[in-house]
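The values are calculated or read from the model by the stated rules, or taken from the named source; none is laboratory data. All values derive from a computational prediction rather than experimental measurement. Neighbour counts are summed over all protein chains in view; Cβ atoms, including those assigned to glycine, are modelled from backbone coordinates with ideal geometry.
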Amino acid sequence: MIAIIPPTRTTPPSPSRPTGARVALRSPASRGLLDGAWWPHSRDLTVELPELVDVLDPSWGRITRIAVNPMLWPVVPRKVTVGRRVVKTGWFTPELDPHTLLLLSYGTRRFDLLVIPPETTAGRADRLMVAACAPDGPRLSATDLVAAETARPGPTVAGR
C-alpha cells in the first residue's frame, strides 16, 4: 500500500507581512473586564494565533483553548499548531463579544483580550490598547470601546 502525504507548508511569511504579535497586557494587580488588547495583522487565525500564544504562554501559563466570536473572522479553525503542540479553538456567537478573544490557560485560568480590527490605524490602536489596559479596568465592553474609538474624528483605516 502506498500513501501519498501532501507536503506541509514550510514557506516563511511573506516579507511584506509584519511578524510578531501586537499585544498589550494590563498589570496583574489591576482588575477589569479585559486583561489587555491584541491587534492582529490580519483576519487569518491560523497565522495570527500562534504568534499571540507564543507571547502569552510565558506570562499567563500554557494556553490550551481559545474562543472567538465568528462575526469578525472569515474562518475559525478547530485547532492551531503552536510550536510542537496543538491549541484547540472554537467559537461562540451570542455568548462572546465580537471584539473579545477568550483564552484559557493550563490550570483553568481565563483571560479576555480586546481584539482591535487589523485595519485600524496605529493611533487608534494605541488608544484602544491603553484603554483596555487601564489600571482600574475599562468601563466599557470590548465592542463599546471599539465603537467609541471609531466615533472619534480622524482616519479609521490604516493607509487612508
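Residue-by-condition table, conditions (1) at pLDDT 95 or above; (2) more than 24 Å from Asp136 (Cα to Cα):
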{"site": "Leu45", "(1), (2)": "yes, yes"}
{"site": "Asp54", "(1), (2)": "no, yes"}
{"site": "Ser59", "(1), (2)": "no, no"}
{"site": "Ile66", "(1), (2)": "yes, yes"}
{"site": "Thr89", "(1), (2)": "yes, yes"}
{"site": "Pro98", "(1), (2)": "no, no"}
{"site": "Leu101", "(1), (2)": "yes, no"}
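Answer yes or no: is there a residue in the range 57-75 that is within 14 Å of the chain's Cα centre (by Cα) and among the charged types (D, E, K, R).
Yes, the conditions are met somewhere in the range 57-75.
Residues that are more than 23 Å from Ala131 (Cα to Cα) and either loosely packed, with under 12 Cβ neighbours inside 10 Å or at pLDDT 95 or above (or both): does the range 18-35 have at least one?
Going through the range 18-35, the residues more than 23 Å from Ala131 (Cα to Cα) turn out to be 18-19.
Filter once more, keeping what is either loosely packed, with under 12 Cβ neighbours inside 10 Å or at pLDDT 95 or above (or both): 18-19.
Yes, some residue in the range 18-35 is more than 23 Å from Ala131 (Cα to Cα) and either loosely packed, with under 12 Cβ neighbours inside 10 Å or at pLDDT 95 or above (or both).
Got at least one residue in the range 140-152 being in contact with a Gly (Cβ under 9 Å, 6 or more places away or on another chain), over 17 Å from Arg43 (Cβ atoms), basic (Lys, Arg) and at pLDDT below 90? Full working, then the answer.
So the first thing to find is which residues in the range 140-152 are in contact with a Gly (Cβ under 9 Å, 6 or more places away or on another chain), and the list is none.
No, that holds for no residue.
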